[in-house]
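To start, the structure under review is shown below, and the notes come after it.
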Amino acid sequence: MEKGPSTLRRNRGRTARDSQRVDPIAVYDYTLRCAVLAAQEELKSKMTDTTPPGTDGSGRRAATPGGERVEKHSSTTLHDTLGGLAEMFSDSDKQDKLNRDVVKGLLRRIDDVLSRRDVSNHVYADPHFLAAVRSFRSPLDAQKAKPSGKINDLIVIFVQTSKIELTRAFPPPATISEHLNAHVAAFTELLKVTLTHDAPGAASPETIERLAGLSAPTKRASSGGSRSRDTPSYQTHSRSGSLPVNRMNAMLEGVESHPLVKGVAELFQMDPNVHTRKVRELMALCTDANLMKDLMKLKSNVHTQAAFPASPNDFPTAQAYETWKARELGNLKGMIAMLTLSNPNLVTDMEATSVGSANLLGGSAASRPSSLYGSGPPSPRHASMEDGLSSVAFTFIPPDPKSYYRILLSMCIDFDLTVRPQSERSKSSILTPLSESILKETHVRWRIGLPFREVLYLELIRQHWESGGVVLDEVKHALQRLVKGFKEVSVDEWATQDTALLVRILHSVFNTTTRELRSDLEEYFRINPEIIHDKLDLLEKICDIPVFQQENLDLDRTYEDLEMAVEGAAVLRWTDIDAVASQEGGKGGLARVTALADKLVKELTMILKRFPEPIGGHVSVISIVLGKQMPYFALEMENWAMSADARMVAVEDVFVLYHKVLRLRSLYAKYGPSGKRVVNFKMESWFLFHVRTMLRTMESSCPDWVTNAVKQDEFAIISGNVDYSSSVMDLFTALHQNLDFIRDLHWPNEVQNAYFLTALSKIVAKAMDQYSAAMEACFNEDISPKPVHPQQAQPNMFGSALSGATLGGVSNAFNRARSQWIGDVSSKRELSKPFHFTSEMCVKLNNIEEARHRIDKIYQYLDVELVAEIVREFSGQQPVEKSPTMRYTYSIKIVRAENLKPMDQNGFSDPYVVLEFNEETIARTKTVYETLNPRWDENFDVSLNAEKGSLLAIVMDEDLVGADDDCGACQIKLAPSLYQDYQAHDEWLDLDTQGRLLVRISMEGEKDDIQFWFGKAFRALKRAEDDMIAAIAHKMSGYIKTCLSPKVISTLLGRDRKITDLFRTPSQKATDVDIRECERALGPLLDYFDKNLKLLNDNLREPIMQQLLLKIWTDILVILEDDLLPPLSDQPSSMKPLDSYELLKVYFNGGEDGDAVPIDQLETPKYYELLAINHAYNNDVQALIDDYDTVTKTHVEAANTRGGRGPDRSKSVYRSKNLNATIKRTRPERKVQKSHNLPSAEAILRLLRLRQGKAAKDFLKEQMHKRNLATSTQLAMQETPDEVPPVPLLPNLKSPVLYPPLRE
């Protein structure tokens, strides 16, 4: 026989044992036998259904040799119906189980037939049928207690019983076919009625339908006879053993063209002629009789425990063998029964070979171990049958079925993968339906069990997967088929060899999968993670199989192998990344390490996205890669940082690298290996120099930010929702960019990061100082050009600057007097004119307020308290070293003075204050004209490098001609120990002549304290805001003073006098005026207020407007006080009382609506003092003297009660989270005693000047002498001691630390 060469080549890759022992031609032979048998059965069924016996293939009636014609079947033949039952019952043991209802119902109906109560069928009167039923009843009755088996067993048993009875009645050569068909039809009718009425649901609808077909009597041709057991199935319709030539040719052509037969030829690539000859040879061999012989031989082998198909030695336990035996006998029994039912003459032929009275299910009805009727040893007749077949070779089963099946399955897989198109394959398998049909026919005939088939399929698929022939999904599908098979046949019931093969194949699949995983992980940077997950899923399913779990695999070793694969791949991958980075960035330098960091960040991010969780819960790809590659990268960074050009590169490029390194550090900290040597990312060593460089760049650029922002500002509102201009936005945009830059560094060293933020706060403070000065300068330019004081330094003939004192010594006195005269006159003229404000001025003031608001937000954004605490804790651990060049900066605010000595003829002075240090003028305030209670509110910063020192504050009276007069002087003591809490201290200093001076002192000093710099920034803005508000009030106060001048008041009160009236005695009676007269007299002032205050209110923020109105109101009260009372002196005065301030109070409160400044804010202490003065204005001299004694006594008692306690310094402005709000809260609320019973002592003395007589004059001289003497005593006590006692430290403040603690 010829054989296909390609088939032989494909099988060379199989095991050596298989290829040496099994010839593929032999496999072809036995496979073709199964295909021919299946083809004949299918064709025979089709011919029975479509071509009546005795007709040719065209449907014409065929004549018998005697000229008779075969009648057409009137109903479905017994052969057809039993053939259908064979398909239903042959390979299943789970359908149509026998139960008690079926047994009891059938027994009752059999009894009715035997007792002749049921005569509905004429067959019931047949004595041979009754004898068969009587014999059948006995074993059926034994099943009442515990039924076993299936419904089709009843038909099989009855057929055998009926055959025995008919054979006895009609010995050969008589035929029993017609009688047997009638008996079977009558019995199935009985069974169908029982199932329908007595046991509904016991049988499936398909079974009932087929029983109904069997119950119809079949009329066979009387001329039809039985065929010989060796007669082919296509010859069974002729008694003489032959058919017409055209019928035989049709059968032969049908077999040759059958898909299974043709598929076998294609599979083995056989020559068509050779294949045709082989098919014709096998037509005579592939008969029902030979199939019956194979089945009987198999049944006999099972009963005799022969080696094939299996013996007890093939199973691990006796129970497993018995389970297999029962299942195998059940399958064989079903196939034998169906074959017998389809061809009843096979029974007669088999009986001729010593089957005897034994039924086809093995053993007698009473002794068959796996039968419906009990258990027991095989009967003697059955044994003789087995002996008779013991030497007979199998027709359809090859010598080594498993080896043959292995080769066949391997060839089917190879052929379907390489030859047949993929479209022909089934969706769930790589096999085509044709190959699956061939394999099914062979494994049923060859008795290849399910365990071996599924394990073998998995092994062959694994081999193809390993060689790249199939994908992983096919392996998973093969494993799913295996697991599904466990549900049909438990692993505990498997044969020992099959279990061993299973374990070996599972190990093989496991190892192959592990190798594939290792290979995949060696390319972790490009592999699809789904592939990894699929293989892991396959491994998990393998490990879930119970028999594999018993192997106690060392999975830890497997995971270690996978980790080693990733480690090796990570090292190789580093080499590739390094090479690419060198190509892009050069061999060294910043560009190379930046490219290297960039590629590492991208690849590690990709790895993290692909493998977010460890593989199998053990192999963390990202951790392994980080552990292998980061040490190399850290070494590269160290080499770059130590190189000569590391500090020469652009700082912007360095921070591009920094953020990439920071990302790598973050990945390593989160996903890096634990428990191993940790990579040290020396961020401080690599980038600290560059951060400091960036901070220095920011500090040097800060003035430009401010200058550019102010220069480009048009001081117009940028939108309707805001009330400030562009300079604020531009400046803070620049500041925020740098703040965000430092914040986004996420610097790993929190102490260094705190110092970075402290340095930034210094930049912010300087920016705010510069910005506030710029806004104030622009604002002052709008209001009035800044006057040039003669005391200011002027360039001399040598080009150097001379101080005010030096200038005073060398300048010409006449020129100085002339400049003072012109300056003073112009200043007074300007002040007396009404000044109208603009919206641009308001925008500048709003800019300062907006800057304060944004500084407060930055304070919170940077979490300044935490930063300060970190610095203080670190500083507390460091030794405090005092530098000999350390400087201390003091902020000194000249606030106001009281009761100054009058130096001019009009009873007033024109005071200003000069600060001197070491006999050199260092500061000068503006001049406030015609007042003894001036208010300056001017700030000066004084920087000293000594531990302690003092300033001389001199109050001077400015004169138009000649030298300025000295109004008084006092010492201002400065020492760090006095102001180390960095709070503002209000100090009332008595002048050496008369009156006192209020100064506000705080020490600022530069230090690494973030709260200090924020406080400095806020104070700079607040000082500028206060000065600008004071400038507005001062600009308005000149016109207010003009409108409220004594001349206007005198005119209002009817006291307008001539110059000669100065020599007359003043009238003691004042003219009464009403509010309307006051309103008419003050009309110009009120009109001025209406215009300008409305503009200010529309453009200024509400807090600023409130502060401005209070400032204006205070100035008005001071002006009115000066109008009411003469200056303090020991000489009498002739001034008269005035009541017009009540009208102004109503105006500032908002008139009838009262929606302007609240009354409680307008009713200040100065207001109540004026009320008290007005109340005591007409008191006589003695009453005023008594009031003076009462007031002074009360003042002394209050001082003694207070015990000399100083101001409360327990809370520093630096220790507040909300800086803005805290500084606002530092000013205590004024609790005004709403009483105007007694004026102040000084006011009483000034009232006494209005009284004539010796008593008033003497009392004034006496009290003025006492006041001057007390002032001299205090000045003597103010001499600076050698050692200044330190201020006690605050609670919780460490001694070596100069900063206050963060929290109380």
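The values are calculated or read from the model by the stated rules, or taken from the named source; none is laboratory data. If you're wondering where the values come from, they're calculated on a predicted model, not measured in any experiment. Note that each Cβ is placed from the backbone with ideal geometry, even for glycine, and that neighbours are counted across all protein chains shown. Each accessible area value is taken on the protein alone, full model and side chains, heavy atoms only, with ligands, DNA and RNA left out. Shrake-Rupley method; radii C 1.70, N 1.55, O 1.52, S 1.80 Å.
For region 435-507 versus region 278-298, the inter-centroid distance based on Cα atoms is 28 Å. Computed from the C-beta positions of Glu436 and His533 and an R0 of 35 Å, the FRET efficiency is 0.70 to the nearest 0.05. Stokes-Einstein, applied to the Kirkwood radius of region 936-1004 over Cα pairs at a viscosity of 1.002 mPa s and 20 °C, places its translational diffusion at 157 µm² s⁻¹. For region 847-988, the residue among Asn906, Asn933, Leu952 whose Cα projects farthest onto the positive side of the dipole built from Cβ charges is Leu952. Shown here for region 426-503: chymotrypsin sites (Phe, Trp or Tyr not before Pro) in loop regions (DSSP other than H, G, I, E, B) with at most 14 other Cβ atoms within 10 Å, of which there are none.
Taken along the Cα-to-beta-carbon direction at a fixed 7 Å, the label points for Ser685 and Glu714 span 5.7 nm.
Using the structure shown, select from Lys893/Lys1266; Lys901/Lys1022; Lys682/Lys1016; Lys711/Lys1091; Lys893/Lys1007 the pairs with a Cα to Cα distance greater than 27 angstrom. Pairs exceeding the cut-off: Lys893/Lys1266; Lys901/Lys1022; Lys682/Lys1016; Lys711/Lys1091. Computed over region 406-470, relative contact order equals 29 percent, with contacts defined as Cα pairs under 8 Å that lie 6+ residues apart. Taking all protein chains together and rolling a 1.4 Å probe, Leu1096 ends up with roughly 0 Å² accessible. Taken along the Cα-to-beta-carbon direction at a fixed 7 Å, the label points for Ala326 and Asp1160 span 10.0 nm. In this simple spin-label model, placing a label point 7 Å from the Cα along the Cα-to-Cβ direction at both Val119 and Gln860 gives a separation of 11.2 nm. On the basis of the beta-carbon distance and an R0 of 22 Å, Ser1240 and Arg896 show a calculated FRET efficiency of 0.90. May I ask you to give the average projected area over all directions of the convex hull of the Cα atoms of region 896-1028, in nm² rounded to one decimal? Approximately 8.9 nm², given one-decimal rounding.
Please tell me which of these pairs span more than 26 angstrom C-alpha to C-alpha: Lys628/Lys670; Lys46/Lys427; Lys609/Lys670; Lys602/Lys628? Flagged as over cut-off: Lys46/Lys427.
R0 = 30 Å: FRET efficiency of Asn780 with Leu1269, Cβ-based, nearest 0.05? After rounding, the FRET efficiency stands at 0.10. In order along region 1259-1266, the Karplus-derived 3J(HN,Hα) couplings, from 6.51 cos²θ - 1.76 cosθ + 1.60 at θ = phi - 60°, round to 5, 5, 5, 4, 6, 5, 5, 4 Hz, and Gly and Pro are given as x. For the residues His618, His853, His122, a 1.4 Å probe over the protein chains yields an accessible-area ranking, largest first, of His122, His618, His853. For the cross-link pairs Lys97/Lys293; Lys163/Lys278; Lys844/Lys948; Lys144/Lys402; Lys44/Lys192, which exceed 32 Å when the distance is taken from alpha carbon to alpha carbon? Over 32 Å apart, Cα to Cα: Lys163/Lys278; Lys844/Lys948; Lys144/Lys402. Note: relative contact order over region 935-1020, using C-alpha pairs below 8 Å and six or more positions apart, is 20 percent.
Extension gain for Asp941-Lys146 works out to 274.6 nm (0.36 nm per residue, less the C-alpha to C-alpha distance). Taking Cα centre as origin and charging only the Cβ of basic (Lys, Arg, +1) and acidic (Asp, Glu, -1) residues, the dipole magnitude of region 865-1001 rounds to 440 debye.
Rounded, prolate or oblate: which one fits region 476-533, using the alpha carbon gyration tensor with axes a ≥ b ≥ c (rounded when a/c is under 1.5, else prolate when a/b beats b/c, else oblate)? Oblate, because a/c is 1.5 or more while a/b does not exceed b/c.
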